[in-house]
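What follows is a short report on a single structure.
The values are calculated or read from the model by the stated rules, or taken from the named source; none is laboratory data. Here the structure is a predicted model, which means the values were calculated and not measured. Note that each Cβ is placed from the backbone with ideal geometry, even for glycine, and that neighbours are counted across all protein chains shown. Surface accessibility is based on the protein's heavy atoms, side chains included, excluding ligands, DNA and RNA. Shrake-Rupley method; radii C 1.70, N 1.55, O 1.52, S 1.80 Å.
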Amino acid sequence: MKKILLHHLLSALFVSVLVLTLAFILRPVAPFSRPVSDELKALQQLNLNPQDAFQYQLYHEMARTLAGPDSVRYFELWRQLVSEAGSERLLEQKQYQQRLAYRKPFVSLLWMYVKFVFVFLIVMAATYYGVQTLGLYFFVRRQQMRPPDFYRLFFLLRQWLIRSNGKLLTDALRVLIRIGARAMFFFLFFAPAYVVAYSLKSDFTSQSILFLIVLGVLTNGLLITYATKFYHFLLNESQKGYVRTAIVKNLNNDYRFKGKNGIALHQIFALKKQFRGHVLQHIYMNSAFQYVATFKEQAAFVISSLVIIEMALNIHGHLSYELLQQLLYRNFDQALYMVLGLYLLVKATEIFTDFLVFNKRQRFEKE
């Protein structure tokens, strides 16, 4: 574990030094105001145009004629006049003024980053629960060997046409409603966040954190993607030899929701999932261990999803919107600070994931 931690810390240090160096190079430098000598002030009062070639030649000829060997000092005065004029033009440029005006204090950027980390942690926790709950539900339904709803709907309609029984039609309508609801849920899970967001609201403020969390969990395919991955972990684990051996040794293998020894729905939806005396307990524990290792890629998925949501919805006062604004006004140093913060968040998640995997592996080896 020490070698893994050292590797993470060295990579974080290298990237941090590189990004901070680039930020220092790209920072906007305000024109340096030097003390103006009396001679330069007198020259400025003449309202000369430093860009005018005729005035430049006339000034140089006068300096050579009148000052003689001391003309070098007057040439330096003209160079200072050109420099001061350039600084004034730079300050008068609207783009440069906007660039300075839209810069944020470091404390403000830090507060936005703290809010982003807070939202990220809640989305990760909610996704962890949702992934395992949906994956377990899909797995249990599959183990029940129930026919798909489309087959059941076709069967009920066929029987209704034969018998003309009203109860069969009612059951068919219930199945159809269930199919429609499931289709709506899957549409929500796979839909882009901005489509769902603008279907429900028209404006978004910095107080829309709860709405942002809901979008981060349910949309952009995040939840359903990792729920499907966890479902396949369960499926692969259920086909291993130790599971078949446990079933042969008469360990409970009843997956019915209403069975005496079956799986209750509250067990699937519980925060701490326990299936004592059931073969699913061992399948779940081993699959959960495999799922923990996916936190690294999931963290990158969640961060990119939140960045896209905040940018697409133009939520003011949030980190991703501010990142877009600083790129727009070419404050690349502040944009690099924010990118570095996101990188360090991913790196912290990787360290945490490796720590969890190491601890769980140590526990399994002891058992």
If you go through the range 113-164, how many residues are of a type in the set (S, T, Y), part of a helix (DSSP H, G or I) and surrounded by fewer than 14 Cβ atoms within 10 Å (Cβ to Cβ)? 1
Considering only the range 308-341, state which residues are touching a Ser or Thr at 6+ places or on another chain (Cβ under 9 Å), closer than 16 Å to W111 by Cα and of a type in the set (A, V, I, L, M). I315, M338, L340
Where L271 falls short, out of the listed (1) part of a helix (DSSP H, G or I); (2) farther than 30 Å from P28 by Cβ: (1)
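In the list Y321, Y291, Y343, which residue meets the criterion of being of a type in the set (S, T, Y), under 22 Å from the mean Cα position of the chain (by Cα) and at pLDDT below 85?
Every option except Y321 fails the conditions.
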Hey, which of the helices (runs of 4 or more DSSP H) in the range 294-367, taking only ones fully inside, have at least 2 residues that are open to solvent by less than 10 Å² (accessible area, probe 1.4 Å) and within 16 Å of M124 (Cβ to Cβ)? 295-313
Per the list (1) closer than 30 Å to S108 by Cα; (2) touching an Asp or Glu at 6+ places or on another chain (Cβ under 6 Å), residue check on V175 breaks on (1)
